[in-house]
Amino acid sequence: ETGVTQTPRHLVMGMTNKKSLKCEQHLGHNAMYWYKQSAKKPLELMFVYSLEERVENNSVPSRFSPECPNSSHLFLHLHTLQPEDSALYLCASSQDRALSALHFGNGTRLTVT
Amino acid sequence: GQQVMQIPQYQHVQEGEDFTTYCNSSTTLSNIQWYKQRPGGHPVFLIQLVKSGEVKKQKRLTFQFGEAKKNSSLHITATQTTDVGTYFCAGRSGGSYIPTFGRGTSLIVHP
């Protein structure tokens, strides 16, 4: 049990589908993150939310749309994805303090066909 | 922007050999963290270094933070098959709580 729960664990979707990834944290943290991890690239920071406000958006294509309704929940809405978007999507949470550690969820393995 | 370089990208060792991964930042860091990701798993926090020249140990793992707070290393003594995984460093600077991750070093231990 990581304290950060991601669903689904695996997702296969076509390029015309719309799907959403969900993340929930039970640690009382006030910052949440989406990372993309591909086989040939390092951890890529996509979005950061602090107290439900987006504080970072790393030039992510608009086909990825984040939503943070409260400090415990984070969503990543997906639409018209490309095959190169296939990757492991990791959610993490932390306190918004410089000395806090990130706690990652198990990730969602996404395959775009 | 801040960049964190990590080398090597891969390291094969025989069980019992030592292993070291190095992390270098383009800017002075306020702190550095190390994470381990087992194959098929997610990154898990190992440790955090804050002070210049700091050295911390966790059993066979030794973590160092450089005097200039721009580099760090993780050394594993007498590797075991349970050490297999990818080790990431993550640095913070300028008071930001958002870390910049290195590319990671994948450790493969041959029995």
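Structure notes:
- Whichever residue in the range B:53-76 is outside any strand (DSSP E or B) and either modelled with pLDDT under 95 or out of contact with any strand residue (DSSP E or B) (no Cβ under 7 Å at 6 or more places or on another chain) (or both) and, among such residues, is nearest to B:Gly91 (Cα to Cα): B:Lys69
- Residues being within 8 Å of another protein chain (Cβ to nearest Cβ), of a type in the set (Ser, Thr, Tyr) and in a loop (DSSP other than H, G, I, E, B) - total across the range A:71-113: 1
- If the condition is being more than 10 Å from chain B (Cβ to nearest Cβ) and at pLDDT 90 or above, then the range A:32-53 contributes A:Met32, A:Trp34, A:Lys36, A:Ser38, A:Met46, A:Phe47, A:Tyr49.
- Enumeration of residues in the range B:78-87 that are part of a loop (DSSP other than H, G, I, E, B) and either closer than 15 Å to B:Thr28 by Cα or more than 14 Å from the chain's Cα centre (by Cα) (or both): B:Ala78, B:Thr79, B:Gln80
- Looking only at the range A:68-85, residues that are touching a residue at least 40 places away in the same chain (Cβ under 8 Å), surrounded by fewer than 19 Cβ atoms within 10 Å (Cβ to Cβ) and of a type outside the set (Phe, Trp, Tyr) come to 8 in all.
- Restricting the range B:68-88 to residues that are touching a residue at least 12 places away in the same chain (Cβ under 8 Å) and among the β-branched types (Val, Ile, Thr), the residue that is nearest to the other protein chains (Cβ to nearest Cβ): B:Thr86
- For the range B:89-111, a residue qualifies if it is facing chain A (nearest Cβ under 7 Å), more than 16 Å from A:Gln95 (Cα to Cα) and either in a strand (DSSP E or B) or more than 13 Å from the chain's Cα centre (by Cα) (or both), and exactly one does: B:Phe101.
- Residue list for the range A:1-22, filter: within 12 Å of chain B (Cβ to nearest Cβ) and surrounded by 14 or more Cβ atoms within 10 Å (Cβ to Cβ): A:Thr2, A:Gly3, A:Val4, A:Thr5, A:Gln6
The values are calculated or read from the model by the stated rules, or taken from the named source; none is laboratory data. Remember, it's a predicted structure, so these values are computed and weren't measured experimentally. Please note: Cβ atoms are built from the backbone with ideal geometry, for glycine as well, and neighbour counts cover all protein chains shown.
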